[in-house]
Every structure is written in structure tokens, then in C-alpha cells.
1. Can you sort B:55, B:47 so the residue with the fewest Cβ neighbours within 10 Å comes first?
2. Given the rule -39500 (n - 2.57) for each run of at least 4 DSSP H residues, summed and divided by the residues of the protein assembly as shown, what is its mean residue ellipticity at 222 nm, to the nearest 500 deg cm²/dmol?
3. So the label point sits 7 Å from Cα along the Cα-to-Cβ vector; using that for residue B:16, what distances do you get to the other copies, in nanometres, sorted shortest first?
4. Between residue B:92 and the same site in the other copies, what are the distances in nm, shortest first, taking label points 7 Å from Cα along the C-beta direction?
5. Using θ = phi - 60° and the Karplus form 6.51 cos²θ - 1.76 cosθ + 1.60, what ³J(HN,Hα) does each residue of the stretch A:2-7 get, whole Hz, x for Gly and Pro?
6. In nm, what does the list of distances from residue A:65 to its counterparts in the other copies look like, shortest first, when each label sits 7 Å along Cα to Cβ?
7. Fewest Cβ neighbours within 10 Å first, please rank B:79, A:77 accordingly.
8. Can you give me the angle between helix B:61-79 and the longest principal axis of chain B, using Cα atoms only, in degrees from 0 to 90, rounded to the nearest 10?
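All of the numbers you see were taken from the coordinates with simple rules; none came from a lab. Remember, it's a predicted structure, so these values are computed and weren't measured experimentally. Glycine also receives a Cβ, built like all others from the backbone with ideal geometry; neighbour counts cover every protein chain displayed.
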Protein chains: 2
Amino acid sequence: MLTLVALADGRAMRFNELRRRLEGVTQKMLTQTLRALEREGLLTRTVYPTVPPRVEYRLTALGEEIAELVLRIAEWSASRTEQLRAARANFDRRAPHPRPLSA
Amino acid sequence: MLTLVALADGRAMRFNELRRRLEGVTQKMLTQTLRALEREGLLTRTVYPTVPPRVEYRLTALGEEIAELVLRIAEWSASRTEQLRAARANFDRRAPHPRPLSA
DNA sequence: CAGAATCCTCACCGATACTG
DNA sequence: CAGTATCGGTGAGGATTCTG
């Protein structure tokens, strides 16, 4: 999801560059996610046989299509953070059916 | 995700009705998902104190906003199933770096 | 730099039984 | 009907180490 957003501007990005942009993601998960997206045909992985190695990831046409849709959701949720936060606070305050963990 | 899509037409739906529409979902997961969505303020849960009980779920205005965005992604992926399938097949055939589990 | 390999934990989820 | 409660396994993912 956010990996797609990080690439949504159409630029090619290197592995650690992505990793920095998606702060908090582990190397394992990023690798795994990129492989999955590559497998779906949403991005291409290009290895330049230099030393040190350089690997670039770039969205395919297919990838850009869905990245745009995902981006819209990201923007929507960013624009609604306050309402969402308020809803959560309200829900937790009124603490419905399953009794909360209030001792 | 799909729970939002199932409610995207704006109708109120009952628990087992949703469960049937989302075939494969367990009762536990559906309950859990509905609670989460309710907590985010994306849907309302209305209990009619009849016997047997009747509980209706309906998207809020906020929920309809995001449901529409999610619906677009669902439609997109439905429209691209063949390309996605082909990409997967191709990827698996060429089986990149991490050696596949081919014995 | 861009990973692969290994180990290990715990929380996710299914299955099952019970209830107002 | 619409849940809650409990148990148990399993696999996702973190941490760490190693490499071309």
C-alpha cells in the first residue's frame, strides 16, 4: 500500500531510498513487499551490475494505475485524520458491548 | 475492505446477511471487522431490542466516502484480473533470485 | 548497497462451545 | 439471531548475522 504511494510520483527509486521514505519498514518486509508487487506486474526491478550494486524500482503502467487509486485513499485519510481520531476517542469513551480492559 | 464494499450501496444490512455476502468470512472476523469500522466512525451499529435480536449495520457519511474509493480499487482489480494473472504466471515461470521451491 | 538465511516470538485467526 | 469466551496452532514478521 504505502510502498505504492512512495513510488506514485513515477520516479525510479533505489532500495534504501525507499526504505528511508517508508520509515519503520524492516529490510525483510520491504524486500518481500517489492517482490510481491513485482510479481503482480505493478513494478519493475532493474539491477545495474555495478559495484556496489544498484537496484531501481519503478512502477509499471499497471502499477501507476492502482497507485493513483491508493494515493487517493491515502489523501482521503490524511484529510480526515481529525474526524477519525474523534470517532475513535468517542467509541472508546462510551466503550460498547465488549467491556473494555478497564480492570 | 470487502466489508466496506459489501455495504457500499448504502443499504443497511444485518449480520448474517453480510456474512452470506462475504462468503468465507468467519463469524469472529466479521464481528471484529465491524467493531473496528464502527470504532473508526465508518459505520453505525443499530440494535433493535426484539426477539430474536436484529442488528443493522449501515455506512456513515464518512464510511460512504471511503467505501467509494475502496470500491474503485475493487473494480479496477476486477477489470485487470487477466493482466494480473498473466504477470504472476510470467514471474513464477522466470522465477527470479530467490530460488523457488523447485526441489 | 541490496539483499538472503536463520531463529524465534506472539498475535492472528479458525474451531468450538455457550448465551440472552 | 447475533453475538461472547476460550483454546490452540501457525505463520507473519522482527532481530540478527552473513554475503556478492
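1. Placing the least packed residue first, the sequence is B:47, B:55.
2. Numbers: 10 runs with 116 residues, N = 206.
Mean residue ellipticity, 222 nm, calculated: -17500 deg cm²/dmol.
3. Listed shortest first, these distances are 5.9 nm.
4. Here residue B:92 shows inter-copy label distances of 4.3 nm.
5. The phi angles translate into 5, 5, 4, 4, 4, 9 Hz.
6. 2.8
7. Taking fewest neighbouring Cβ atoms as first place, the list is B:79, A:77.
8. 30 degrees
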